[in-house]
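Presented below is the structure to which this report refers.
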Amino acid sequence: MSWEEDLQGREPPPSLETLIVPRVRDLGDGFTVRRALPSARRRMVGPFIFLDQMGPADFDSGHGLDVRPHPHIGLSTVTYLFEGEVLHRDSLGVVQSIRPGAVNWMTAGKGIAHSERTGPETRAAGSRLFGIQAWLALPHQHEETEPSFVHHPQDTLPSGQDDGVRLNVIAGAMHGLKSPVRTHSDLFYAEARLDADARFKLPTEHEERGLYLVEGSVDVEGTRFNAGELLVFKPGSEILLKSEGPARMMLLGGEPMDGPRYLFWNFVSSSKERLEVAKADWKEGRFAPVPQETEFIPLP
């Protein structure tokens, strides 16, 4: 099916390169995800090679998220929540809760393992979880860097509000706001919330730009787009977003990667041979273990 068919009769704006409408996947216990990247229509937008909307999901008391320890190489993972809380543990010994508006930025480099769970207090009370997880491929020179983890509280990330638009810059820079988050390539990543009848102009300086609509709808050159859709724009095109009602979106992209990337399970690399090494390392238990964890996800 061509991307034009997902427009369902809507006129494609001249600035739109492609449209991705991810399908909802139920992972059990009422927890759903929408996987916008990778797609058969578009593998990456700048360094972004994976983009999942998590939830929204409501967990009863005693239930929650339980992603057992699993490995990564060749990427950075970025968790950003709108609602709820996730407890991160990794093989570096880091234990860190993430809450709405904060950022957990984990760089796998040559290899790391981690788990993501609902913490015991939140699990006991029952909770709601809603957020975005992104993976960013690392440039060649950083693919085998030492693994690291950095947490950025909400109050350390720049935000601004003007004419009905609130912008939270997670990484990179936009509209005069620069994030303190260290990245390995030229990119931008931000959350934008638009009030009804607001206008927002997407900067043109990056070659690859995408917009994932989380809530509400926006008008682009006379065409309406809805929650759960990823828009990828043509380089250099002028984009003016108009909201009818309140809307929330993630803005992402950057410069094209320095060559193709291959993805298997949780591994990303510029080398297919490196993926085989990572598979064997996880299967044979050569990744460092995650403290306080006794379970793990087997190699598929």
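A few comments on the model shown:
- Any hit, region 160-178, residues being open to solvent by 30 Å² or more (accessible area, probe 1.4 Å), outside any loop (DSSP other than H, G, I, E, B) and touching a residue at least 24 places away in the same chain (Cβ under 8 Å): yes
- Subset of region 162-176 that is over 20 Å from the mean Cα position of the chain (by Cα) and modelled with pLDDT of 95 or more - its residue that is nearest to Leu81 (Cα to Cα): Val165
- Checking each residue in region 256-283 for being under 30 Å from Ala192 (Cβ atoms), touching a Pro at 6+ places or on another chain (Cβ under 8 Å) and either open to solvent by 40 Å² or more (accessible area, probe 1.4 Å) or in a strand (DSSP E or B) (or both) picks out Asp258, Leu263.
- In this entry, Ala198 is excluded by the filter for residues that are in contact with a Ser or Thr (Cβ under 9 Å, 6 or more places away or on another chain) and within 24 Å of Pro139 (Cα to Cα).
- Test: residue in region 180-189 that is open to solvent by 30 Å² or more (accessible area, probe 1.4 Å) and part of a strand (DSSP E or B): no
- Set His72, His63: member being touching a residue at least 60 places away in the same chain (Cβ under 8 Å) and more than 30 Å from Glu255 (Cα to Cα): His63
- Hits in region 50-94 - residues which are buried (at least 21 other Cβ atoms within 10 Å of the Cβ), of a type in the set (A, V, I, L, M) and within 18 Å of Pro300 (Cβ to Cβ): Ile73, Leu75
- Any hit, region 211-226, residues being under 21 Å from the mean Cα position of the chain (by Cα), under 30 Å from Ala113 (Cβ atoms) and open to solvent by less than 70 Å² (accessible area, probe 1.4 Å): yes
The values are calculated or read from the model by the stated rules, or taken from the named source; none is laboratory data. Note that the structure is a prediction, hence the values are computed from the model and not measured. Virtual Cβ from ideal backbone geometry, glycine too; neighbours counted across all protein chains shown. Keep in mind that these areas ignore ligands, DNA and RNA; they rest on the heavy atoms of the full protein, side chains included. Shrake-Rupley method; radii C 1.70, N 1.55, O 1.52, S 1.80 Å.
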